[in-house]
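This report concerns only the one structure given below.
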Amino acid sequence: MIRVLSAEAVPITFHLREGYRIAGASFSTAFNVIFKVGTSDGRTGFGCASPAEEVTGESAAACLAALDDHLIPLLRERDAADVPAILAAASAAAPGCPAARAAVDIALHDLLARRAGAPLARVLGQRRERLLTSVTLGIQDDPGATLERARRYVRAGFRVLKVKVGEDWEADARLIRSLRRALGTGVTLRADGNQGYSEEEAGQFLRALEEGDLELLEQPTAAEDLAALARLADASDVPIMADEAVRTEDEARRIISGHAADLVNIKLMKSGGIAEALRIATITSAAGIGAMVGCNDESRIGIAAGLHLALAGPNTELADLDGYFDLVDDVAHGGVRIEQGYILPSPEEPGLGVSVDL
């Protein structure tokens, strides 16, 4: 038995180098909780929570309280190698705090792979070596500023851009067409509505575009209205991706049964960690639905965990793992690297491959 000897939750509010706006919200900081677990074999595993009420359903205070009051006491003296038992207990102890549970799940998986002496992706059953990641363009009042930022990212080697939309479908369509003309066909464009459109507005936005303008449209309408999402998916040649509408395995099954989306965005902070995320990937893959692994604004710890999941999942062939790019003074180092728009893990480092200054 490998006992959990210590567990610590450290809240940190990171400032963003460049704030951004999405439909309905603006961000200039990112609240994270860095989670540290020490075990009787002398190893330390790290996890990360990045709660966002509009995505995970939990506030920063609720996330931290779940860790301090429920999950840390639950971990003490448990067998760190019995990950399924701990995660089951964590789900019962903090059912409404998936980001808090993700911190525990990630740290336990980090420890699992460190004990194996292998990168986590390999322990999970690695299927791919690297993935192109998108980088996000927030909503700006000046389309010229968006275009200039897009050009800057392309010059840096990124080939996939995710454009935030959802406030004004006509302006959004003009922006997408402008980006396509300026950047050419060698750059892939994705759009993310963050639930900002009505069904009619989403349809008008899609019809205003030309073939090849967009790779996909993510969560254009309200998460709870799966029927609207399904109608858009049925009517559009542009694949529709569910994000806020799919957090758990049960919600993924509802997406499948309702034929509500062509793709799903799997985020560790929504699902409660790697174990549930893999289950979502497995059932959506079996249903012929593709998946992207996304993120919130997260430390490299969370991004590395998402990458290892994406490299191992059966259908996780898309990545949106840019959430650490703008964090000022991240306490984590390593874990991931960017090469010509691809995101890769640290080579041959065990676990997540991160080091943390705490």
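Please figure out what share of the DSSP beta bridges in the chain is antiparallel and state it in percent, rounded to the nearest 5. Mind dumping the intermediate values first?
Values: 31 of 55 bridges.
In the chain, approximately 55 percent of DSSP beta bridges are antiparallel ones.
Give the angle, between 0 and 90 degrees and rounded to the nearest 10, that separates the Cα long axis of helix 300-312 from the longest principal axis of the Cα atoms of the chain.
With rounding to tens, the tilt is 80 degrees.
Please determine, in degrees from 0 to 90 and to the nearest 10, the orientation of helix 143-155 with respect to the longest principal axis defined by the Cα atoms of the chain, where the helix direction is its Cα long axis.
Compared with the principal axis, the helix lies near 60 degrees.
Of the options Ala85, Ile343, Val187, report the single residue whose Cα projects farthest towards the positive end of the charge dipole of the chain (beta-carbon charges: Lys, Arg +1; Asp, Glu -1).
Ranked along the dipole, the leading option is Ile343.
Mind listing the long-range amide H neighbours of Ala291? Cut-off is under 5 Å, sequence gap 5 or more, other chains count too, H placed in the peptide plane at 1.01 Å from N.
HN-HN under 5 Å from Ala291: Val264, Glu317, Leu318.
Based on the Kirkwood radius over alpha-carbon pairs, what value in µm²/s does the Stokes-Einstein equation return for the translational diffusion coefficient of the chain at 20 °C and 1.002 mPa s?
On the way: Rh = 20.3 Å.
For the chosen part, D equals 105 µm²/s.
Among 123-133, 268-278, 30-40, how do they line up by average Cβ neighbours within 10 Å per residue, starting with the highest?
Per-residue Cβ counts within 10 Å, averaged per peptide and sorted highest first, yield 268-278, 30-40, 123-133.
Does anything in segment 160-202 have its amide N under 16 Å from the 7 Å Cα→Cβ label point of Asp141, and if so which residues?
Once the point is set 7 Å along Cα→Cβ of Asp141, 167-168 turn out to lie under 16 Å by backbone N, inside segment 160-202.
For Leu131, what residues show an amide H to amide H distance below 5 Å, using hydrogens built from the backbone and excluding near sequence neighbours?
So Leu131 has HN proximity to Ile343.
Starting from the Cα of Thr29, step 7 Å along the direction of its Cβ; do the same at Glu77; then give the gap between the two resulting points in nm.
Label at Thr29, label at Glu77, 3.8 nm between them.
Cα centroid distance between segment 225-296 and segment 335-358, in Å?
27
By how many nm would the segment from Leu5 to Ala287 grow when fully extended, if each residue of separation counts as 0.36 nm and the alpha-carbon distance is taken off?
Numbers: separation 282, 0.36 × 282 = 101.52 nm, distance 4.17 nm.
Gain on extension, Leu5 to Ala287, equals 97.4 nm.
Relative to the first principal axis of the alpha-carbon coordinates of the chain, what is the inclination of helix 226-235, with its axis defined by its Cα atoms, in degrees from 0 to 90 and to the nearest 10?
Between helix and principal axis, roughly 50 degrees.
With +1 on the Cβ of every Lys and Arg and -1 on the Cβ of every Asp and Glu, and nothing else charged, how large is the dipole of the chain about its Cα centre, in debye rounded to the nearest 20?
So the magnitude is around 1140 debye.
Rounded, prolate or oblate for segment 96-167? Axes are the square roots of the Cα gyration tensor eigenvalues, ordered a ≥ b ≥ c, and the cut-off for rounded is a/c under 1.5.
Numbers: a/c = 4.02, a/b = 1.91, b/c = 2.11.
The shape class here is oblate.
Along segment 327-338, what does the Karplus equation 6.51 cos²θ - 1.76 cosθ + 1.60 (θ = phi - 60°) give for ³J(HN,Hα), rounded to whole Hz, x for Gly and Pro?
Ordered by residue, 3J(HN,Hα) equals 6, 8, 6, 4, 7, 9, 9, x, x, 9, 8, 10 Hz.
In terms of modelled amide H atoms, which long-range or inter-chain residues lie less than 5 Å from the amide H of Gly57?
The answer is Ala52.
Where the centroid of each part is defined by its Cα atoms, how far is segment 183-218 from segment 63-99 in Å?
Cα centres, segment 183-218 to segment 63-99: 39 Å.
Readers should treat all values here as calculations from the given coordinates under stated rules, not as data from a laboratory. Just so we're clear, the structure is a prediction, and the values are computed from it rather than from any experiment. Quick reminder, even Gly has a Cβ in these numbers, built from the backbone with ideal geometry, and neighbours come from all protein chains shown.
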